[in-house]
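K.L.:
Take this structure first; my questions come after.
The values are calculated or read from the model by the stated rules, or taken from the named source; none is laboratory data. These numbers come from a predicted model, not from an experiment. Quick reminder, even Gly has a Cβ in these numbers, built from the backbone with ideal geometry, and neighbours come from all protein chains shown. Just so you know, the surface numbers come from the protein's heavy atoms only, side chains and all, with ligands and any DNA or RNA stripped out. Shrake-Rupley method; radii C 1.70, N 1.55, O 1.52, S 1.80 Å.
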Amino acid sequence: MTPLFALSDDQLRAVACQALDIARELGASDAVADISESVGLSVSTRRMQVETIEHTRDKGLGVTVYVGARRGNASTSDFTPAAVRQAVEAAYNIARFTAEDPAAGLPDDDTFERSPRDLDLFHPWDLQVEQAIELARQAEEAAFAVSPQIVNSEGANVYTSSGHFILANTRGFCAGFPYSRHSLSVSPIAQDANGMQRDDWYSASRVATELASPRAIGDYAARRALARLSARRLRTRKVPVLFEAPLACGLLGAFVQAASGGSLYRKASFLVDALDKPLFAEHVSIHEDPYVPRGIGSGAFDEEGVRGLKRDVVENGVLRGYFLSTYSARKLGMKSTGNAGGAYNLELRSTLTQPGDDFEAMLRKLGTGLLVTELIGQGVNYVTGDYSRGASGFWVSRGEIAYPVEQITIAGNLREMFRQVVAVGADRVQRGGRIAGSVLIEGMTVGGA
């Protein structure tokens, strides 16, 4: 069987150690080498015809060199000894002439994950191009089979990627792990006398056999597109708003952005000095777990080699933690939370959620108001928390969907929205490293005609 990677872990480790040796030789006080290799395949079809076939094979070495409190970075995709030396010398020379930064430097020794656990993140998919084409075609065929009103498609995509890396530094840390990620998506277009509507759906996993079937994905995506036909406008009003589960994951993303160290030390977040203060409704908690086996958002350590924390970032509505790298933590006078590179598996929880709180139950909780299924634009001011996004979805009356709506805006303030979370559904989905059910907000301004 042909090896998946051109380079072994030992070969990556040897190049990383070579880079660190050169940095020491030049006089660096500290250095980091991050070396990786990945392979992938992406196949897209449109109306069952092959549109793109893309094979990828990438490798790279990133070097960070410290000269006291000065720092320089350089990278190369050439692993020959001469190229590695050239990259390290470039990083060293940059460091010599940059300004001192007291927050710069390697993580504290007691924060390194020196015994990383195996989280079972590597499940390569031996996928041939012909197989990928067939899977994409099946997804589109299933979408077209739902109704003659499915008249077109923006395409289906099958994607697989695997990689491995080694992170090493001059403090004796040297570790890495292999990983994989696979996905299947489709985006059909529906039409009636009033125009066209599109929607999409996808499935992603570390393990190919855990992906939803292409036919199930295509069927569901088509039904979503059909449901949006003959959408109406709404008059401006203030109503309860139900965020569909994938969009609730997006709300988690907005929270992460506001609670991240980079935003906080720049004073570019409404959560500055918010630690240990009420933020969400009391029934809401947000749990982070870096160590979920096979988790999309899992990692044995962060991009600096620092161990992550299994914790409640929000506990009973109270903000208990930020997302900090070593640098941002030092800028804030705090300790790294192992979040260099972002949050891990982040789950929105509520003590009010019952097993029977499925999507239909959440519509009944909404009563009369707006169900949001798509958001447009990036209208979030993280300094003030003001939130205004283009949206489409459905008007709900007495717990049942009445008709689709479009060309509206929803507006509020994240601080108020978080406090006004009335319910979190049991209809959980995972989008990237975020997990949430649908979320009901007590009231937002809906702008329309």
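K.L.:
For the stretch 213-223, state whether one or more residues are touching a residue at least 60 places away in the same chain (Cβ under 8 Å), within 18 Å of Ala132 (Cα to Cα) and touching a Lys or Arg at 6+ places or on another chain (Cβ under 6 Å).
P.N.:
There is no residue in the stretch 213-223 that is touching a residue at least 60 places away in the same chain (Cβ under 8 Å), within 18 Å of Ala132 (Cα to Cα) and touching a Lys or Arg at 6+ places or on another chain (Cβ under 6 Å).
Listed here are the residues, each with its yes/no results for (1) in contact with a Ser or Thr (Cβ under 9 Å, 6 or more places away or on another chain); (2) surrounded by 21 or more Cβ atoms within 10 Å (Cβ to Cβ); (3) not basic (Lys, Arg).
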| position | (1), (2), (3) |
| --- | --- |
| His123 | yes, no, yes |
| Ala132 | yes, yes, yes |
| Glu140 | yes, yes, yes |
| Ala143 | yes, yes, yes |
| Ser147 | no, no, yes |
| Ile150 | no, yes, yes |
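K.L.:
Quickly run through the stretch 38-63 and pick out the residues that are among the aliphatic types (A, V, I, L, M) and under 30 Å from Ile150 (Cβ atoms).
P.N.:
Hits for the stretch 38-63 are Leu41, Val43, Met48, Val50, Ile53.
K.L.:
Could you list all residues from the stretch 100-139 that are in a helix (DSSP H, G or I) and under 29 Å from Tyr202 (Cβ atoms)?
P.N.:
Across the stretch 100-139, the qualifying residues are Val129, Glu130, Gln131, Ala132, Ile133, Glu134, Leu135, Ala136, Arg137, Gln138, Ala139.
K.L.:
Let me ask you something else. Just checking, how many residues over the stretch 225-243 are in a helix (DSSP H, G or I) and open to solvent by 30 Å² or more (accessible area, probe 1.4 Å)?
P.N.:
2
K.L.:
Taking strands (runs of 3 or more DSSP E) that do not extend beyond the stretch 335-417, which have at least 2 residues that are closer than 17 Å to Arg224 by Cβ and under 26 Å from the mean Cα position of the chain (by Cα)?
P.N.:
The qualifying strands (runs of 3 or more DSSP E) are 369-376, 386-397.
K.L.:
Continuing with the same structure: Kindly evaluate Ala361 against the criterion of being out of contact with any Lys or Arg (no Cβ under 6 Å at 6 or more places or on another chain), open to solvent by less than 20 Å² (accessible area, probe 1.4 Å) and without any contact (Cβ under 8 Å) to a residue 40 or more places away in the chain.
P.N.:
Spelling it out, it is not the case that Ala361 is out of contact with any Lys or Arg (no Cβ under 6 Å at 6 or more places or on another chain), open to solvent by less than 20 Å² (accessible area, probe 1.4 Å) and without any contact (Cβ under 8 Å) to a residue 40 or more places away in the chain.
K.L.:
Is at least one residue of the stretch 244-263 surrounded by fewer than 21 Cβ atoms within 10 Å (Cβ to Cβ) and among the hydroxyl-bearing types (Ser, Thr, Tyr)?
P.N.:
Looking through the stretch 244-263, none of the residues is surrounded by fewer than 21 Cβ atoms within 10 Å (Cβ to Cβ) and among the hydroxyl-bearing types (Ser, Thr, Tyr).
K.L.:
Report yes if some residue within the stretch 283-293 is open to solvent by less than 10 Å² (accessible area, probe 1.4 Å), modelled with pLDDT of 95 or more and not in a strand (DSSP E or B); otherwise report no.
P.N.:
Yes: one or more hits.
K.L.:
For the stretch 140-178, name all the residues that are of a type in the set (Val, Ile, Thr), in a strand (DSSP E or B) and more than 30 Å from Arg223 (Cβ to Cβ).
P.N.:
Within the stretch 140-178, just Ile166 meets the criteria.
K.L.:
Now a separate question. Given the criteria touching a Gly at 6+ places or on another chain (Cβ under 7 Å) and not in a strand (DSSP E or B), does Arg215 qualify?
P.N.:
The answer is no for Arg215.
K.L.:
Taking the conditions exactly as written (within 30 Å of Ser397 (Cβ to Cβ) and in contact with a Pro (Cβ under 9 Å, 6 or more places away or on another chain)), does Ala245 satisfy them or not?
P.N.:
In short, no.
K.L.:
Where residues in the stretch 431-449 are open to solvent by 50 Å² or more (accessible area, probe 1.4 Å) and at pLDDT 95 or above, which of them is farthest from Gly295 (Cα to Cα)?
P.N.:
This residue is Thr445.
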